[in-house]
Amino acid sequence: MVRIVALTGATGFIGGVLVRRLLESGVRLRALSRSQARCAEGIEWVQGALEDGDALARLVAGADTVIHCAGAVRGNSPEHFNRINIDGSRRLVEAARRSGSCERFLLMSSLAARHPDLSWYAASKLEAERQVKQAAGDIAVTVFRPTAVYGPGDREMRPLFEWLLRGWLFTLGQSNARLTLLHVEDLARAVLQWLMVPVAPSATYELNDCQRDGYDWRGIAAIAAEIRNAPVRQIVIPAPLLKALAQVNLSISYLTRRAPMLTPAKVCELTHPDWSCSNDPIQAALGWEPRILLGRALQEHWF
Ligand SMILES: NC(=O)c1ccc[n+]([C@@H]2O[C@H](COP(=O)([O-])OP(=O)(O)OC[C@H]3O[C@@H](n4cnc5c(N)ncnc54)[C@H](OP(=O)(O)O)[C@@H]3O)[C@@H](O)[C@H]2O)c1
């Protein structure tokens, strides 16, 4: 029987890759879009937003699987994150439950949910996890908590990597910080493996590339230096300067009404000293293993 998969966030960075990989896997794909209904071979678009209950009902009707990848990743108020990440997620799982057809629900959360005190975003992701599990009824809810995801189509980390390959590494705050990364293609493979297991686990998994303890800035500079065959200079942006820039950016966003990426809350996430995490539980449950380390992605300009 062909699976009917309902997907949110299909127009975003991660969702765009998921669309391609899901279509290749042969599922019947239905996707939510806030923009004009689109046409694309093999995909049924439902026009609407997470705030629109009727659109969500149409999205999940008859679907046995829901992959919830829509979310607010930037914003200038807690209300913005809560409306989309918490209320939107709860509304979607409630629609899935009402449909009577949904057996499994994948919530794309974030490793940030581990530290809800760091930012509005992080707090909203943790609360979304809690409310989705609570409202799911008999639906098996699997939560993915990927660390920072990068790859083609990503606008946030691309400049960092481009400067790195030119020989400049801009680092933020503490020089001993450890960050973890995950290539978007590895994340998409994890989603496909979740789709293929006969019984979806009701569990929460952290995901990173196989660099278990993450990268420190010096290690990232060394990787780039080897690829360039030339040195990489490290420029440390002092934390007070970064915080001041973020504050200015936030103030401007209230005037321009544009959702900013760099905010004081985002600085707290960016300068958090330890984002290391383990793939062991997801490896044991789904047999998933990441394949793409940063060195290979930089070497092949796969970002
Ligand atoms: N990128 C990362 O490093 C990372 C790491 C961990 C977890 N995540 C999580 O992964 C998910 C996707 O992230 P991303 O980087 O792909 O973000 P993105 O590129 O900003 O995409 C966000 C997606 O969500 C949709 N969306 C936002 N608000 C919506 C609403 N009210 N109704 C319907 N759709 C809405 C957007 O639709 P429009 O195209 O209409 O705006 C877009 O398709 C998010 O939940 C994020 O928290 C991302």
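Summary of values
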| item | result |
| --- | --- |
| Considering only the chain, percent of DSSP beta bridges that pair antiparallel, nearest 5 | 10 percent |
| Carbon plus sulfur fraction of accessible area for region 53-114, probe 1.4 Å, in percent | 44 percent |
| Asp117-Ser25 pseudo-label distance in nm [points 7 Å out on the Cα-to-Cβ vector] | 3.7 nm |
| About the Cα centre, charge dipole magnitude for region 121-267 (Lys/Arg +1, Asp/Glu -1 at Cβ), debye | 520 debye |
| Simple label model, 7 Å out from Cα along Cβ direction - Ser202 to Arg130, nm | 1.9 nm |
| Simple Cβ-charge dipole of the chain, Lys/Arg +1 and Asp/Glu -1, about Cα centre, in debye nearest 20 | 500 debye |
| Distribution of pairwise C-alpha distances over the chain, 20 Å bins, in % | 33, 58, 10 |
| Accessible area per residue in Å² at 1.4 Å probe, computed on the chain | 46 Å² |
| Distance between region 220-270 and region 101-131 - C-alpha centres, whole angstrom | 24 Å |
| Chain lengthening between Met157 and Ser35 when straightened (0.36 nm per residue, less Cα-Cα) | 41.4 nm |
| Pairwise label distance in nanometres, Glu44 with Leu192, each label 7 Å out on the Cα-Cβ vector | 2.3 nm |
| Förster radius 22 Å - calculated FRET efficiency between Met261 and Glu51, Cβ distance, rounded to 0.05 | 0.50 |
| Extension reserve of the Glu289-Ala140 stretch, reckoned as 0.36 nm per residue once the Cα distance is removed | 51.4 nm |
| Selected from Pro116, Ala96, Gln47, residue furthest toward positive end of dipole (region 47-154; charges at beta carbon) | Pro116 |
| Relative contact order (%) - criterion: Cα under 8 Å, at least six apart; region: the chain | 17 percent |
| Taking N as its residue count, the alpha carbon Rg of region 221-303 over 2.2 N^0.38 Å | 1.54 |
| Within the chain, helix-based [θ] at 222 nm, where runs of 4 or more DSSP H residues each add -39,500 (n - 2.57), nearest 500 | -12500 deg cm²/dmol |
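The values are calculated or read from the model by the stated rules, or taken from the named source; none is laboratory data. Predicted, not measured: the structure shown is a model, and the values here were computed from it. So basically every Cβ, Gly included, is an ideal-geometry build from the backbone, and we count neighbours across all protein chains shown. Heads up: the accessible areas ignore ligands, DNA and RNA and are worked out on the full protein's heavy atoms, side chains in. Shrake-Rupley method; radii C 1.70, N 1.55, O 1.52, S 1.80 Å.
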